[in-house]
Amino acid sequence: MRLRGTTEAPAERLAAFRISLGVFIIGYVAIRVGVFVELGSRERSRFEPVGVFRLIDQPMGEVVNGAALVATFVLGVAFVVGWRFRLVGPLFALGLLALTSHRSSWGQLLHFENLMVLHAVVVGLSPAADAWSWDARRAARRSANRAGVARAGALARAGGDRYGFPLLVASVIVVVTYVIAGVAKLRYGGVDWMAGDTLRNHIAYSATRLELLGGWASPAARVAVDAAWILPPIATLSVLVELAAPIALLGGRWRNIWVATAWLMHAGIYVLMLVGFPSPLFLIAFAPFFPLERIVDYRATLARRGLATQA
């Protein structure tokens, strides 16, 4: 696999990742807005700073927390539409980092949030608004030379390392997080993770905890615990999927196979333990591996064919 071939991409591909990532993050923050708001009124004695809050060593107050939440949401909308992206991109990533670090400082770490934030940082610091954005349209209007506009558009479509490298970085981040997860299982659980009762105990604990707290445990959990013989192959497969993540960088069929198996792994985790990892389940985590701009091109082609048929 040649690095140059891997990093070449049109501006629309990076823009498509910006839009899909931004929409997902806005939706995630909106759905969990109650959790983020409630953090501002928690007792300070429960605060255990992580990330950027280690430097501050104190939580955000109710007013500051609310202001940060609103600001991040507004910046997220600007991030999606690509408005003044050179300023908005880094600010949105910083706001998201602050919100998620603040939430993690109260005792519960959500690892999928780390991946989401890292992707926001990569995209926020990249030229992701050079296409399909407010900034791109404004730049086109300002140009009085039509030939210049056409030439700029051709360069954006041609792409190159300028747009492909951020996508490669985002892809490598995904690969590294999965490999780390696989290594951690082997390091702390060893062969027992794959052949023993570790996964069975995890499933049983999760189901029992939900029932004790008045929640609803997955019906599949009891089946899996009773039929324990099916769990060692599942546990082994999960470790293999995580350790095999680098093959996704090869692209093509290898990428497709790995993404499909990784998604099925997350779907299985949700079915067995009702533990969801939104970013992988909604395929946003895997988006930088794919030429997303082709979806728009494909839909445009279908629309033109439909109009031609009607005519």
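Filtering the range 132-167 to residues that are farther than 23 Å from VAL88 by Cβ and at pLDDT 65 or above leaves only ASP161.
Taking the range 227-241 as the range and being open to solvent by 30 Å² or more (accessible area, probe 1.4 Å) and either at pLDDT 75 or above or among the β-branched types (Val, Ile, Thr) (or both) as the test, the residues that pass are TRP229, ILE230, PRO232, PRO233, ILE234, THR236, LEU237, LEU240.
Here TRP83 fulfils each of the conditions (1) assigned to a helix (DSSP H, G or I); (2) open to solvent by 30 Å² or more (accessible area, probe 1.4 Å); (3) under 30 Å from LEU14 (Cβ atoms); (4) hydrophobic (A, V, I, L, M, F, W, C) apart from (1).
For LEU115, are the conditions met, namely being open to solvent by less than 50 Å² (accessible area, probe 1.4 Å), touching a residue at least 40 places away in the same chain (Cβ under 8 Å), outside any loop (DSSP other than H, G, I, E, B) and within 26 Å of ARG294 (Cβ to Cβ)? Don't jump to the end; show me each part of the working.
Values: open to solvent by less than 50 Å² (accessible area, probe 1.4 Å): yes; touching a residue at least 40 places away in the same chain (Cβ under 8 Å): yes; outside any loop (DSSP other than H, G, I, E, B): yes; within 26 Å of ARG294 (Cβ to Cβ): yes.
Yes.
Within the range 63-74, track down each residue that is open to solvent by 40 Å² or more (accessible area, probe 1.4 Å) and among the aliphatic types (A, V, I, L, M). Step through it out loud before you land on a result.
Pass one, the range 63-74, residues open to solvent by 40 Å² or more (accessible area, probe 1.4 Å): 63-64, 67, 70-71, 73-74.
VAL63, VAL64, ALA67, VAL70, ALA71, VAL74 - these are the residues of the range 63-74 that are open to solvent by 40 Å² or more (accessible area, probe 1.4 Å) and among the aliphatic types (A, V, I, L, M).
Counting only residues that are open to solvent by 60 Å² or more (accessible area, probe 1.4 Å), part of a helix (DSSP H, G or I) and at pLDDT 90 or above, the range 271-283 holds 0 of them. Evaluated against (1) in a helix (DSSP H, G or I); (2) at pLDDT 65 or above, PRO127 falls short on exactly one condition, (1). So for the range 44-54 (the condition being in a loop (DSSP other than H, G, I, E, B), closer than 20 Å to GLY124 by Cβ and out of contact with any Lys or Arg (no Cβ under 9 Å at 6 or more places or on another chain)), does at least one residue qualify? Scanning the range 44-54 turns up at least one residue that is in a loop (DSSP other than H, G, I, E, B), closer than 20 Å to GLY124 by Cβ and out of contact with any Lys or Arg (no Cβ under 9 Å at 6 or more places or on another chain). Taking GLY182, is it closer than 22 Å to LEU110 by Cβ, touching an Asp or Glu at 6+ places or on another chain (Cβ under 6 Å) and in the same structural domain as ALA285 (by TED's automatic domain parsing)? Considered against the rule, which asks whether it is closer than 22 Å to LEU110 by Cβ, touching an Asp or Glu at 6+ places or on another chain (Cβ under 6 Å) and in the same structural domain as ALA285 (by TED's automatic domain parsing), GLY182 comes out as yes.
The values are calculated or read from the model by the stated rules, or taken from the named source; none is laboratory data. None of these values were measured; they are calculated from a predicted model. Reconstructed Cβ throughout: ideal geometry from the backbone, glycine too, with neighbour counts over all protein chains shown. Only protein heavy atoms, including side chains, enter the accessible area calculation; ligands, DNA and RNA are left aside. Shrake-Rupley method; radii C 1.70, N 1.55, O 1.52, S 1.80 Å.
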